[in-house]
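Values in this text are rule-based calculations from the coordinates and carry no lab data. Values in this document were obtained by computation on a predicted structure and should not be read as measured data. Glycine gets a Cβ as well: all are built from the backbone with ideal geometry, and neighbour counts include every protein chain shown.
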Amino acid sequence: MIFHQISTERGCQSYLIGCKETCAAIIIDPEITKIEHYLALAAQDGLRIHYLLDTHTHADHFSASQSFARQIGVPIIMHRNSGAPFVDMRVDDGETIIVGELRLRVMHTPGHTEDSMCIILPDRVLTGDTLLIGATGRTDLPTGDPDQLYDSLFNGLLKLNPTLKVYPGHDYKHRGYSTIARELAENPRLKKNNRAEFVELMQTLNLSMPTHLTEALRTNLSGGKTVEQLISEAAEKVSFMAIEEVNNRIQSAAPDILLLDVRERDAFEQGHIAGAMSIPRGQLELRANDQLTDPTQRIVVYCEFGKISTLAAATLREMGFSRAVALDGGLRVWRESGYPLESEKKN
Ligand SMILES: [Fe+2]
């Protein structure tokens, strides 16, 4: 078996598991920022990815499943209780997923969420957020239930072979893996092995809400896009112009670029690049016909941070302004680099 554990900076763990004999592979809990990484690892080991699997509906990381599955044309596996409409193969407790010659057994372990499952291999178990190293998944997020987590742990997962290695869905301290036996001996949350005490412990943890909770649930449940995805997709459709290049061009006797400021009007009035035209992003499509009369014009779009301008430049290209580009870096970098601003009212 080929086994890779891939971590994000925020401690989310995903796993690439491959069959040496057949070169078939599966990725467990793929995360949106690691897609290139998974592809590189699979290529390096000569593996072809057959499935993507989410151990549960994540509230704390952005699943790559939907966009990645579309990109490489493979099915997404989740537990049958998952609310996500884009799941291709729904599985349930006791079933086996076959990847080449590997057998991955599904154990339904609700509690962290109602669709949580653990994936059992002969020498290890991928526990998702049901069991972490020295902790358990929380039960205070949507569909969480401490009573169910008690059963999933004490009447399920913890009864497996104690020598099994435990690979969790999160590991904030770079410990990699544990074993069932070590967790039974050392995990402080498992010391409360009486149901009422365990439930009380879970209900009084008072954990802060994960950052991006609403965005993660929105995108993971609907298959919609994150804000970062929208911006990076727009960035793939446009080119950029460096600040020095823009400055050189506007200093020249016959500037061949039209600078377009897409920030709100009051920000524009406080200070903008000399000669810029103002059309706030929210009005761009509706005012383009009146104010941008030459579709062959070379337009350099800018905003404060370089994100909105990327979206705006992509929109302009879609509308036929095929020479629209975005300022690389935004007005903040322009200002910090000491380039001049103009503040009189224009347009
Ligand atoms: Fe989770």
Quick check on the exposure proxy: order Met78, Met277, Met89, Met117 from fewest to most C-beta atoms within 10 angstrom. Met89, Met277, Met78, Met117
Tell me, what HN-Hα J-couplings in whole Hz come from the Karplus equation 6.51 cos²θ - 1.76 cosθ + 1.60 at θ = phi - 60° for each residue of the range 329-339, using x for Gly and Pro? x, x, 5, 4, 5, 4, 5, 5, 7, x, 6
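Strictly over 31 Å apart at the Cα level, which of Lys159/Lys225; Lys20/Lys225; Lys173/Lys237; Lys34/Lys237; Lys20/Lys191 would you flag in this model?
Working: Lys159/Lys225 39 Å; Lys20/Lys225 34 Å; Lys173/Lys237 38 Å; Lys34/Lys237 21 Å; Lys20/Lys191 39 Å.
Those over the limit are Lys159/Lys225; Lys20/Lys225; Lys173/Lys237; Lys20/Lys191.
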³J(HN,Hα) across the range 233-248 via Karplus (A = 6.51, B = -1.76, C = 1.60, θ = phi - 60°), whole Hz, x for Gly/Pro? 5, 5, 5, 6, 9, 10, 9, 10, 10, 5, 4, 4, 5, 4, 4, 4
Could you work out how far helix 308-318 tilts from the main Cα principal axis of the chain, as a 0 to 90 degree angle to the nearest 10? 80 degrees
For Lys20, list long-range residues whose amide hydrogen, built 1.01 Å from N in the peptide plane, is under 5 Å from its own amide hydrogen. Ile2
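Return the Rg/Rh ratio of the chain with Cα-based radii and a Kirkwood Rh.
Working: Rg = 25.6 Å, Rh = 23.0 Å.
That ratio is 1.11, to two decimals.
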q = 0.12, 0.17 Å⁻¹, the range 1-137: log10 I(q)/I(0) [Debye, one scatterer per Cα]: -0.41, -0.87
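How would you rank His174, His50, His56, His112, going from fewest to most other Cβ atoms within 10 Å of each one's own Cβ? List each step's numbers first, then the result.
On the way: His174 7, His50 20, His56 28, His112 31.
Ascending Cβ contact count within 10 Å gives the list His174, His50, His56, His112.
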Return a whole-number percent for the relative contact order of the chain, with Cα pairs under 8 Å and 6 or more residues apart as the contact set. 12 percent
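Assuming R0 = 35 Å, can you tell me the calculated FRET efficiency for the pair Arg103 and Glu9, based on Cβ-Cβ distance, to the nearest 0.05? Don't skip to the end; give the middle numbers.
Values: r = 33 Å, r/R0 = 0.94.
After rounding, the FRET efficiency stands at 0.60.
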Could you sort 234-242, 140-148 so that the peptide with the highest average Cβ count within 10 Å comes first and the rest follow in order? 140-148, 234-242
Hey, what's the Cα Rg ratio for the range 174-296 versus the globular rule of thumb, 2.2 N^0.38 Å? 1.97
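How big is the charge dipole of the range 2-225 about its Cα centre, in debye rounded to the nearest 20, if each Lys and Arg gets +1 on its Cβ and each Asp and Glu gets -1 on its Cβ?
Working: 22 positive and 27 negative charges, 70 e Å.
My answer is approximately 340 debye.
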Distance between the range 11-86 and the range 213-256 - C-alpha centres, whole angstrom: 27 Å
Rounded to the nearest 10 degrees, what's the angle between the helix 213-222 long axis and the longest principal axis of the chain, both from Cα atoms, 0 to 90? 80 degrees
What angle do you read, to the nearest 10 degrees and between 0 and 90, between the alpha-carbon axis of helix 35-44 and the longest principal axis of the chain? 60 degrees
Long-range amide H partners of Val91, meaning residues 5 or more apart or on another chain whose placed amide H is closer than 5 Å, are Met78, His79, Arg80
Residues whose modelled amide H sits under 5 Å from the amide H of Thr179, counting only those 5 or more places away in sequence or on another chain, are Val166
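Find the relative contact order for the range 229-336 and round it to a whole percent, using C-alpha pairs within less than 8 Å whose residues are 6+ positions apart.
Relative contact order of the range 229-336: 34 percent.
If R0 is 56 Å, what FRET efficiency do you get for Glu318 and Lys191 from their C-beta distance, rounded to 0.05?
0.45
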Residue-by-residue Karplus 3J(HN,Hα) for the range 251-258, coefficients 6.51, -1.76, 1.60, Hz, glycine and proline x: 6, 6, 5, 10, x, 9, 10, 9
